[in-house]
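A short write-up of the structure that comes next.
The values are calculated or read from the model by the stated rules, or taken from the named source; none is laboratory data. Everything numeric here is computed off the predicted structure, so don't read it as measured data. In this analysis, Cβ positions are derived from the backbone assuming ideal geometry, glycine residues included, and neighbour counts consider all displayed protein chains.
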Amino acid sequence: MSYPAVFSLAILGYLCGTGFALTYLVNRRELMYRVGSLATLGGWVCHTLALVLLGLEQGRPPLGNLSEALSTAVWVVVLIEQWVERHHGVKVLGGFVMPVALVLSLKTFAQAIEFEQIGPALGSRWIFVHIALVTVGIAAFVMNPRKSEHLPAMSCDTCVSPLVRSDDIG
């Protein structure tokens, strides 16, 4: 299979996961949450396979241009979203994160323009380690479970907390 075909399946999984997550926000049926979570997980597995195929095809990590970096960032955000849902029991999180992940995935897929590769001066392997760690850091900041006194950040929990009833969390 090729990268575009597998990434199309990932987008389909994210689309189904988004639909079921939004449905769960409306009617709070456990079946909607479980099916949405499974669809999202299936999309994430396909996304993982697509990124591996792209890396093997190009002979480098898929971080060489904006489109690839955005796809990797979406992969990390979905991974963290799934972990937070399972670890902390915040079942409504997918209804807020997955629509954004879906739109960014569609943008990545539609953006067929090849950007100029990273110049030779920045072509060492350390740049990819740096980009990977920064991507994880940004995704973790977006999903920040604590409010910081020093930052006026609108992290995910700042936006979602008022919308979630306390009996849904525990």
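The residues listed here are Val90, Val78; of these, the one that is modelled with pLDDT of 60 or more and within 28 Å of Tyr3 (Cα to Cα) is Val78. Candidates are the residues of segment 47-71 that are modelled with pLDDT under 90 and of a type in the set (S, T, N, Q); the one that is nearest to the chain's Cα centre (by Cα) is Ser67. The one condition from (1) at pLDDT below 95; (2) crowded, with 17+ Cβ neighbours inside 10 Å; (3) more than 12 Å from the chain's Cα centre (by Cα); (4) assigned to a helix (DSSP H, G or I) that Lys107 does not meet is (2). Of the candidates Thr40, Thr72, the single residue that is within 30 Å of Arg125 (Cα to Cα), surrounded by 20 or more Cβ atoms within 10 Å (Cβ to Cβ) and of a type in the set (Ser, Thr, Tyr) is Thr72. Kindly establish whether Val52 is surrounded by fewer than 18 Cβ atoms within 10 Å (Cβ to Cβ) and under 23 Å from Tyr3 (Cβ atoms). Against the criterion (surrounded by fewer than 18 Cβ atoms within 10 Å (Cβ to Cβ) and under 23 Å from Tyr3 (Cβ atoms)), Val52 qualifies. If you go through segment 10-28 and pick out every residue that is closer than 14 Å to Trp44 by Cα and in contact (Cβ under 8 Å) with a residue 40 or more places away in the chain, you end up with 6.
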